[in-house]
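A quick write-up on the structure given underneath.
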Amino acid sequence: FSQFANLSGTENGLEDLPQPPTVAMNADVSLELEDSPASTDTFLQPGGLPLQDIYEKCIPSTVSILCTMPRGSATGSGVVLSSDGYVITNYHVVEGAAAISVLFTDGRELSARMVGGDKLSDLAVLQVDAKDLTPAEFGNSDSLRVGDMVVAIGDPLGIELRGTMTDGIVSAINRDLTTDGRTLTLIQTNAALNSGNSGGPLINCYGQVIGINTMKIGDYVSSAGVEGLGFAIPSTTVKLIVDQLLSQGYVSGRPELGIQGVDIPELYRYYYRMPEGVYVNAVTAGSDAAAKGIQVKDIILAIDGQRISSIEDIETILYNHQPEDVVTLIIYRGGYQYEVDVTLGESVS
């Protein structure tokens, strides 16, 4: 910028241009601040609490979830379920975490353990060592109507913006949304939800949690994103799932194949001349898959005639089955293909 540093002297050849007028400073002039009226209550709807009271009531039971992942870290939000340390969040927030901690509004950060999680409903229950937490009040989501006013509290984009509240309405109820091969029946809202809000509360005008925020549709259907389309798991579903996670650590009726597997990267398939499918890296002892002779290093090519290329494909197919159903697998081993019927077990994890 040095060549433009001095544009007012004759050495710059600007002596013939009119010079800007000199403005005199005046110390007698200043900006005056008038007394402002006190903050007034803003009501969501008649009979409900003011927005300010809703926030004060619910913020102590809204928490930040901090996860240490095998590669990096992840954050989300959560809701205090009980004074003795139980916290609800989304399963996808804590899935695969090597360590989990919960950050409270009073500044405490406590290590958490997983009590139970359910990938299908995207809910998980954590527990921390505390006896003095402020539990949220949960309301019945069945009483919601389209147009009801709601707010969301959470950590959009991470803990730097923790405790953010946004407001909106219930845009739709019983909205079926399919993602990762599973269909969830959700509350739709136009309250602003962003990455980091996952696991936090959707709250009615009485300060009751009537949903657990789970996704923003823009994250799934468009890289550009869309506005005003957020989704929450209804509190009636939350109760059904969480009660089972608390009592037994898993949700009954979830089928499992009895194997663990990994996707085969395209480079590996070409280099090792492997077919497209799921590589079996573990077989559950006592499962029908083990009884039928499925082994580590087998490759699952198809289930019930449907080609398989990923673990997600297997989960999508199992979503439409129940424990004790029989599925037919095509297995690749040593250059040959085998067909085997496997009875599904019940997942307890």
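The values are calculated or read from the model by the stated rules, or taken from the named source; none is laboratory data. Source: prediction; values computed, not measured. Reconstructed Cβ throughout: ideal geometry from the backbone, glycine too, with neighbour counts over all protein chains shown. Quick note on the areas: whole protein, heavy atoms, side chains included, nothing else; ligands and nucleic acids left out. Shrake-Rupley method; radii C 1.70, N 1.55, O 1.52, S 1.80 Å.
Any residue at all in segment 74-86 that is buried (at least 22 other Cβ atoms within 10 Å of the Cβ), more than 16 Å from P201 (Cβ to Cβ) and among the aliphatic types (A, V, I, L, M)?
Looking through segment 74-86, none of the residues is buried (at least 22 other Cβ atoms within 10 Å of the Cβ), more than 16 Å from P201 (Cβ to Cβ) and among the aliphatic types (A, V, I, L, M).
Do you know which residues across segment 115-130 are open to solvent by 70 Å² or more (accessible area, probe 1.4 Å) and at pLDDT below 95?
Initial filter on segment 115-130 (open to solvent by 70 Å² or more (accessible area, probe 1.4 Å)): 119, 129.
K119 - this is the single residue of segment 115-130 that is open to solvent by 70 Å² or more (accessible area, probe 1.4 Å) and at pLDDT below 95.
Just one of the numbered conditions (1) modelled with pLDDT under 95; (2) among the β-branched types (V, I, T); (3) under 18 Å from the mean Cα position of the chain (by Cα) is not true of I100; which one?
All conditions are met except number (1).
Yes or no, residue by residue, for (1) touching an Asp or Glu at 6+ places or on another chain (Cβ under 6 Å); (2) within 17 Å of V63 (Cβ to Cβ); (3) at pLDDT below 90:
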site	(1), (2), (3)
G147	no, no, no
G154	no, yes, no
G181	yes, no, yes
G207	no, yes, no
I210	no, no, no
I241	yes, no, no
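Of everything in segment 175-212, what is open to solvent by 30 Å² or more (accessible area, probe 1.4 Å) and at positive phi? Give them in sequence order.
D180
Go through segment 228-238 residue by residue and tally those that are of a type in the set (G, A, S) and surrounded by fewer than 22 Cβ atoms within 10 Å (Cβ to Cβ).
Residues in segment 228-238 being of a type in the set (G, A, S) and surrounded by fewer than 22 Cβ atoms within 10 Å (Cβ to Cβ): 1 in total.
Can you name every residue in segment 299-335 that is charged (D, E, K, R) and within 33 Å of the chain's Cα centre (by Cα)?
The answer is D304, R307, E312, D313, E315, E324, D325.
So for segment 47-59 (the condition being under 16 Å from N90 (Cβ atoms) and either in contact with a Ser or Thr (Cβ under 7 Å, 6 or more places away or on another chain) or surrounded by fewer than 15 Cβ atoms within 10 Å (Cβ to Cβ) (or both)), does at least one residue qualify?
No, segment 47-59 contains no residue that is under 16 Å from N90 (Cβ atoms) and either in contact with a Ser or Thr (Cβ under 7 Å, 6 or more places away or on another chain) or surrounded by fewer than 15 Cβ atoms within 10 Å (Cβ to Cβ) (or both).
Taking D142, is it in a loop (DSSP other than H, G, I, E, B), among the acidic types (D, E) and surrounded by fewer than 20 Cβ atoms within 10 Å (Cβ to Cβ)?
So D142 fails the test.
Of the residues in segment 150-162, how many are surrounded by 18 or more Cβ atoms within 10 Å (Cβ to Cβ) and touching a residue at least 60 places away in the same chain (Cβ under 8 Å)?
7
Taking T40 as meeting all but one of (1) modelled with pLDDT under 90; (2) surrounded by 14 or more Cβ atoms within 10 Å (Cβ to Cβ); (3) of a type in the set (S, T, Y), write down the number of the exception.
Against the list (1) modelled with pLDDT under 90; (2) surrounded by 14 or more Cβ atoms within 10 Å (Cβ to Cβ); (3) of a type in the set (S, T, Y), T40 comes up short only on (2).
So which residues in segment 128-147 are closer than 17 Å to T189 by Cβ and either of a type in the set (V, I, T) or out of contact with any Ser or Thr (no Cβ under 9 Å at 6 or more places or on another chain) (or both)?
The answer is S143, L144, R145, V146.
I need the full set of residues from segment 145-187 which are of a type in the set (D, E, K, R), closer than 30 Å to D313 by Cα and within 16 Å of the chain's Cα centre (by Cα), in order please. Steps first, please.
Keep residues of segment 145-187 that are of a type in the set (D, E, K, R), which gives 145, 148, 155, 160, 162, 167, 175-176, 180, 182.
Now narrow it down to the ones that are closer than 30 Å to D313 by Cα: 175-176, 180, 182.
Of everything in segment 145-187, those that are of a type in the set (D, E, K, R), closer than 30 Å to D313 by Cα and within 16 Å of the chain's Cα centre (by Cα) turn out to be D180, R182.
Restricted to segment 147-178, and to residues that are among the polar types (S, T, N, Q) and out of contact with any Pro (no Cβ under 7 Å at 6 or more places or on another chain), which residue is nearest to D122 (Cα to Cα)?
Here the answer is T178.
Looking at (1) under 15 Å from P201 (Cβ atoms); (2) at pLDDT below 95, which is the only condition P60 fails?
So P60 meets the others, but not (2).
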